[in-house]
Structures are given as structure tokens and as C-alpha cells.
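The values are calculated or read from the model by the stated rules, or taken from the named source; none is laboratory data. Source: prediction; values computed, not measured. Glycine also receives a Cβ, built like all others from the backbone with ideal geometry; neighbour counts cover every protein chain displayed. Ligands, DNA and RNA are stripped out before the accessible areas are found, and what is left, the full protein with its side chains, is counted by its heavy atoms. Shrake-Rupley method; radii C 1.70, N 1.55, O 1.52, S 1.80 Å.
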Amino acid sequence: MVARPDSEIPQEIRMITILGPTATGKTRRAVDLAEALNGEIISGDSRQVYRGMDLGTGKDLKEYNGIPYHLIDICEAGEKYNLHRFISDFHKARKEICDKGKSVIFCGGTGMYIETVLSGIQLPEVPVNPELRNKLELLSLEELTEILRGYKVLHNKTDVDTVKRAVRAIEIEEFYRNNWELAEVADRKKAKPLDSLIIGIDIPRELRRKRISDRLKKRLDEGMVEEVTGLIQKGVKPEDLIYYGLEYKYLTLYVIGKMPYQQMVDELEISIHQFAKRQMTWFRGMERRGFKINWIPYDLPQTEFIETVKSLI
């Protein structure tokens, strides 16, 4: 198969997005396309940004086979990376790739990050408002939720998961209320969506569950517990690892002696299955919100997969 020259790829489809639930082989597909279309990969995963968090985030760096990748290993474990930083870093990486005349392959499973980027939203840096925070932090989560409802419809429940998040969400909305020109660039209704062909990796539910369970066992055998132990020994606080959720939450609880090994494995496996289900719920939601996702079977042969994507360009 002869790779299609980059110059023949329409300018408006210089970016291809590959999404899907965990354990569907997205990275391998992204590498296949990058090799065929002279591209580089931008990771759309909220945890692969952290150095030293490899097995638990499924970086699978050996799969890249020399293909350049971006937004992996860009900050230290223990930091609180966020959507604002991701959007900024994404656009820097995208410009760098496009300046080389290469295709952008955007690949990941973090629905919020992927959708926000594709929506074309820009998120201005919202400064801390100490006076407002001092008032809000005295209120209950229920009271904060009602205040936030006065600013907007609560589509994103993570805004009111904790008092801290609710306070920050109100702080952001208050900033936008007083800076309408900046609020406009953060308004999806007024943003210009990025031109991207979106490919979804489709896999039957039961097979997805089996692959998740098999992969968890494999990564535990490869040293996922030792990875977490090493991070803590290097000074990463257990509470910071727990904050990252899933593998790092349960493995940390085991390592610090707060959960027996088998309970850790069992609860982690259940949590990953639930996470995959939430991912699919988000992607289906994206379709309802107007994104065209072209679902392709996970087990399509490599050549057929590439030709199918090319036919959609």
C-alpha cells in the first residue's frame, strides 16, 4: 500500500480524531494512520500528561514505533493538570505539527477534553477571587449548587462533585459575567468548531469487558503496583495519586495499607468497566450534540482500516 502524500490530503481534513472507550486499541490505530498519512499524534488523555504514570494510564509508548507524539509526559506526577492547560497545550502542538506540513492525529478517550477541543472553545485564564472564595467556602455543597444554577444550567455534574469544585465553578461564572468579551470565546454556541474527521473505535460490550479484565491482569503482572510504590517513594503524595482516580486511587489505597490486595483488584476492575461505560455515554452525547462520529469495527484489518478512513476524507 502506498501512503497518500500529505499534499493530497484536503486542508480542511488535516486533522483526524480517533476516540473510543478504554482497551479498544486506539493508540495502534492512531499509529497506523500517522504512518500512512505522514502525521503526528496528539494524545487526548487527561492522565498521560504525567511523567512516571505509565502502566496505569496505558501509554504503550512502544506502540508508537518512532511516530512523534505530543501531550504525553509533559508534567510531573502530583500536579493538577486541567482542561484550560490542555486546550492551550493542544493548540501549540497542533500548530507545531501543521507548520511541518504534517497531518494531526488526535487520539484519546477523555471525552471532555476531546469535545472541548473539537468545539473550538477557548478558555481564558480565570484568576482567583479571594473575597468571593472566602464567602463561598462557608456554604454547603447544596447551597453552592443552587448558586451555580443561578448562573447556568448544570450539564456538567463534576462542577458540583465537591465544595472546592463548586466554588471554583462559581468563581469562573462570576468572572465571565463581569468580562463578557472573554465569556464569548468560551461559549460553545459562538465558537468555531475545528475541522476534523472523527473516527470511533467500535467494539461489542462483552468483548470490551473481557479486554479490560485481561489488560488489568497483564498490567498488574507488569508492575503496576511497583509503579505506584515508586511514585510515592519519589515524594508524590498518596492523596494526589488518589485524586487521579481509577488505577492510581485503588493501587495507592493498597500500597498505603488501606485496602487488601484482592479487594483492590476487584473494585478496580469494576471501576474501569464503569468508566468505559461513562466514556461511551459521553461519546453518544457528542453525537446528539452534533458531532459526526464514524464508527469503525475495532478488529478491522490494518489495511482495510486505513482505506476506510481514507474513503471518509
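For the stretch 1-24, filtering for residues that are of a type outside the set (A, V, I, L, M, F, W, C) and either closer than 18 Å to K95 by Cβ or modelled with pLDDT of 95 or more (or both) leaves 9. Applying the selection to the stretch 39-66, what residues are among the basic types (K, R) and assigned to a loop (DSSP other than H, G, I, E, B)? R47, K59, listed by residue number.
Is it the case that the stretch 214-235 has a residue that's within 18 Å of T110 (Cα to Cα), within 23 Å of the chain's Cα centre (by Cα) and in contact (Cβ under 8 Å) with a residue 24 or more places away in the chain? No, the stretch 214-235 has no match at all. Do you know which residues across the stretch 36-57 are farther than 16 Å from D89 by Cα and either of a type in the set (D, E) or open to solvent by less than 10 Å² (accessible area, probe 1.4 Å) (or both)? Residues satisfying the conditions are A36, L37, G39, M53, D54, G56. Within the stretch 200-212, the set of residues being in contact with a helix residue (DSSP H, G or I) (Cβ under 6 Å, 6 or more places away or on another chain) and either outside any helix (DSSP H, G or I) or among the small types (G, A, S) (or both) comprises I201 only.
Only one of V104, V128, V163, V167 is within 30 Å of I306 (Cβ to Cβ) and modelled with pLDDT of 85 or more. Can you tell me which?
Working: V128 fails: within 30 Å of I306 (Cβ to Cβ); V163 fails: within 30 Å of I306 (Cβ to Cβ); V167 fails: within 30 Å of I306 (Cβ to Cβ).
Just a single option satisfies the conditions, and that option is V104.
Taking the stretch 134-164 as the range and being surrounded by 15 or more Cβ atoms within 10 Å (Cβ to Cβ) and in contact with an Asp or Glu (Cβ under 8 Å, 6 or more places away or on another chain) as the test, the residues that pass are L136, L148, V163. Scanning the stretch 74-101 for residues that are in a loop (DSSP other than H, G, I, E, B), surrounded by fewer than 18 Cβ atoms within 10 Å (Cβ to Cβ) and at pLDDT 95 or above gives a single hit, I74.
Does I121 meet the test of being buried (at least 16 other Cβ atoms within 10 Å of the Cβ) and either part of a strand (DSSP E or B) or without any contact (Cβ under 8 Å) to a residue 60 or more places away in the chain (or both)?
On the way: buried (at least 16 other Cβ atoms within 10 Å of the Cβ): yes; either part of a strand (DSSP E or B) or without any contact (Cβ under 8 Å) to a residue 60 or more places away in the chain (or both): no.
When the stated conditions are applied, I121 does not pass them.
Inside the stretch 58-70, can you point out the residues that are open to solvent by 40 Å² or more (accessible area, probe 1.4 Å) and among the basic types (K, R)?
Applying the first criterion (open to solvent by 40 Å² or more (accessible area, probe 1.4 Å)) to the stretch 58-70 yields 60-63, 65-66, 68-69.
Scanning the stretch 58-70 gives a single hit, K62.
It is to be established whether one or more residues within the stretch 109-117 are under 24 Å from the mean Cα position of the chain (by Cα), among the acidic types (D, E) and modelled with pLDDT of 90 or more. Yes, the stretch 109-117 has at least one match. Could you pull out the residue among I272, I242 that is touching a helix residue (DSSP H, G or I) at 6+ places or on another chain (Cβ under 7 Å), farther than 23 Å from G20 by Cα and of a type outside the set (S, T, N, Q)? Selected residue: I242, the only one of I272, I242 that is touching a helix residue (DSSP H, G or I) at 6+ places or on another chain (Cβ under 7 Å), farther than 23 Å from G20 by Cα and of a type outside the set (S, T, N, Q).
Working only within the stretch 189-210, note down all residues that are within 23 Å of H84 (Cα to Cα) and loosely packed, with under 13 Cβ neighbours inside 10 Å. So that I can check it myself, show each step before the final result.
At the first step, the residues of the stretch 189-210 found to be within 23 Å of H84 (Cα to Cα) are 189-196, 198.
The answer is K189, K190, K192.
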